[in-house]
Structure formats: C-alpha cells, structure tokens
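Chemist: Got a structure here, written out as structure tokens. Questions coming.
The values are calculated or read from the model by the stated rules, or taken from the named source; none is laboratory data. All values reported here derive from a predicted model rather than from experimental measurement. Backbone-built Cβ (ideal geometry, glycine too); neighbour counts: all protein chains shown. Heads up: the accessible areas ignore ligands, DNA and RNA and are worked out on the full protein's heavy atoms, side chains in. Shrake-Rupley method; radii C 1.70, N 1.55, O 1.52, S 1.80 Å.
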Amino acid sequence: MPSPFPVFVAGTGRSGTSRIADIIGQHPLIHRIPMETRFLVDPGGLRDLTDALTYRYDPVVAEDALRRLAEFLTVRLPGRRDDRGRTVPELVGERCYRDAVHQLWPQLIAEAYDEPAPREGFGNGDRPAGPFAPVSRRRVLPRYFRDRSDLVAILRGLVDTLFGGAAADAGKPTWCEKTPFNLLNMDFLWELVPEATIVHITRHPVSVLASHLDQPWAPPTVDGVLAYLKPVYHRWLTWKQTADLAGRRYVEVKAEDLAADWPGQRRALFARLGVDDVVTASTFQSHRLTHRADPFDDETRRSIEEALGPVIPAMGYGYSTAS
C-alpha cells in the first residue's frame, strides 16, 4: 500500500480518543504525536489566527491574535508537560521546534515598531516626568492575507515541520495527532491538511457522561456535565447534517463495536486509513469499557436520556430499558 495520509483523532473526550490514537500510532507507518499539542484548534492557536488575518482582519484583532499565538507557542507549550514530564518541543525536537517558530513570525508580520509608553506623573510632551527616558513596547502590524490559502500554506509548513519532522525522526512516513475537540474544528483541519483522515470515535453518551464525573477537570454533577456535553453533541450533529463529506477522509467508529470484535474492527480501521493490518499492543476490550459499574439508578439514567433527547439515536445508540 502507498504511504498513508496524516490522521487527526477527534471525540468528546472520555470516548476512547487516547486509546485509538495509541493504536493508530503503533502502526509501523504512522507516528503518534505523544501528547495533545492543542495549538491547532485551541483559543489563541492557528484556527483563531487564520480567521484574524483574513476575514476578521483589522490591525487590533490581528495583533491580538498574533500575540496570543506567540504566547501559546513560546510560553504555554514549552511550559506544559505530559504525564511523563515531557513538553511538546521536547517531543518534536527542541531545536526543530524553536527554529520553526522563529521562522514563522517574519512570514506573518508586515511591520514592527516601538511605541513609546504614555508618560506618567506631571510631565508633558517636552517635559519628562522624571530623569528616565520613557519606556516603550514592541508593536507589530500583522499581514493581511486577502487570499486565505496563502496564510494556510504558511501554517501548513509549520505543521509539516513539527509533526512531519517528529514522524521522520521516528522512522515513519506520517503522523497522528489527537485532540478531542478536533471534533468541532474538522473544516479547519481539512483546510490546513486537505488529505488528512479524521477518525471520530464515539461512545454511548450516558457512558461518556459517567466517565466525565470522575475527571477533576469536568463538572462534578450530572447537571453540570450535561451542560458541558450537550452543546458539544449538538454542534457536531448540526455540522454533520450539513457537511459535504464527498471526497473527505472521515472515519467514524464506535468504541463498543471496536471492543465487541477487536480483530475485525482493527482490520477495517487500518484499511480505511490506507495501511495493512498489524497486531497492536493496545486493544479495545469490553471489560475496559464497562469496568466502572453504571453509577446511575434507573430514574437518574432515564432523566439523563431525556435530557440528551435525540442525541442518543442520532449517534446510532439505543435507550436503556429503564426508559
């Protein structure tokens, strides 16, 4: 088979995104970026910058977006460590990362200049407030990209350098990146990497909700998690109802199906990724999906299913007998 295409993994979180990304990354032709890089779709990342330098452009909006991206790439990512203590720059190669980020800025800036800071105290234009020269701050005027594809090509170069470089260092021809809320940004991801395969893994929404209750970053109550998840499900379903997926590489799989027939489902998954089947160290197993007892009594489960409404059948799942 020819070399596979890049892969993005998407989901709601707590649906199996980490496990399926591990499995894809255990294929000899696909390197998994070992942590969520987040700078593609998170606030302040490439998605926001692309909008700010194109159809949302004005000098203030554009400069703010560029400052946020600079903070993201030079402060947040180097300072955020995974559970093994590694940062994104370390995972893709620190020298490669620093060089790629350094080379990005000149392509995005039309002009840079120093703006004198306002004087404080009782000084005025010709009488300084004290014996020290007024300080200044660095300002930039970002480029306006009338042709959005020109900007996307620049940002694609950054992704190729970082992710493609990491894959090459691992001896593999392509890569897999997993961030759950890739789910709500598929159009941008395909704009950035048109040939990419997006693998969306689903799990029964009630099980997803139950798993969220165990997470320190999620709301601690059923009502809170419902408020967190319902907009995510509705946004994705609304997108799917209108999305034109013709010619797109979109793979949707259920965690429950993967666990029920792992070898067969694995073969089907790899075939849709354009690679030969291989045995992987990681698997989907039914007992791992059900190792937490259902924490809900019949009445609570019924109320959750009623609150989720059409989401459950729209995703291809059934209601419990308690309903």
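Chemist: Report, by residue number, each residue of the stretch 217-239 that is of a type outside the set (Phe, Trp, Tyr) and surrounded by 15 or more Cβ atoms within 10 Å (Cβ to Cβ).
Modeler: Of everything in the stretch 217-239, those that are of a type outside the set (Phe, Trp, Tyr) and surrounded by 15 or more Cβ atoms within 10 Å (Cβ to Cβ) turn out to be ALA218, PRO219, VAL222, VAL225, LEU226, LEU229, LYS230, VAL232, HIS234.
Chemist: Since GLU256 meets every condition but one in (1) closer than 15 Å to ILE20 by Cα; (2) of a type outside the set (S, T, N, Q); (3) open to solvent by 70 Å² or more (accessible area, probe 1.4 Å), which condition does it not meet?
Modeler: With respect to (1) closer than 15 Å to ILE20 by Cα; (2) of a type outside the set (S, T, N, Q); (3) open to solvent by 70 Å² or more (accessible area, probe 1.4 Å), GLU256 is out only on (3).
Chemist: Pull up the stretch 141-183, narrow it to residues that are open to solvent by 10 Å² or more (accessible area, probe 1.4 Å) and of a type in the set (S, T, N, Q), then point me to the one that is modelled with the highest pLDDT.
Modeler: Here the answer is SER149.
Chemist: Looking only at the stretch 174-212, filter to residues that are more than 24 Å from ALA268 (Cβ to Cβ) and charged (D, E, K, R); which one of those is nearest to the chain's Cα centre (by Cα)?
Modeler: It comes out as ASP187.
Chemist: State which residue is least open to solvent (accessible area, probe 1.4 Å) when the search covers only the stretch 296-319 and only residues that are closer than 19 Å to ILE201 by Cβ and free of Cβ contacts under 8 Å to residues at least 12 places away in the same chain.
Modeler: For the stretch 296-319, the residue satisfying everything is GLY318.
Chemist: Continuing with the same structure: Restricting to the stretch 223-268, give me the number of residues that are in contact with a Pro (Cβ under 7 Å, 6 or more places away or on another chain) and hydroxyl-bearing (Ser, Thr, Tyr).
Modeler: 2
Chemist: Give the number of residues within the stretch 273-295 that are open to solvent by 90 Å² or more (accessible area, probe 1.4 Å), at pLDDT 95 or above and either touching a strand residue (DSSP E or B) at 6+ places or on another chain (Cβ under 8 Å) or farther than 21 Å from TRP175 by Cα (or both).
Modeler: Of the residues in that region, 0 qualify.
Chemist: With the structure loaded, tell me whether TYR228 is in a helix (DSSP H, G or I) and closer than 23 Å to GLU36 by Cβ or whether it fails that test.
Modeler: Yes.
Let's see how each residue does on (1) open to solvent by 60 Å² or more (accessible area, probe 1.4 Å); (2) under 25 Å from PHE5 (Cβ atoms); (3) of a type outside the set (Phe, Trp, Tyr):
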position: THR37; (1), (2), (3): no, yes, yes
position: VAL41; (1), (2), (3): no, yes, yes
position: GLY45; (1), (2), (3): no, yes, yes
position: VAL60; (1), (2), (3): yes, no, yes
position: ARG67; (1), (2), (3): yes, no, yes
position: THR74; (1), (2), (3): yes, no, yes
position: GLY85; (1), (2), (3): no, no, yes
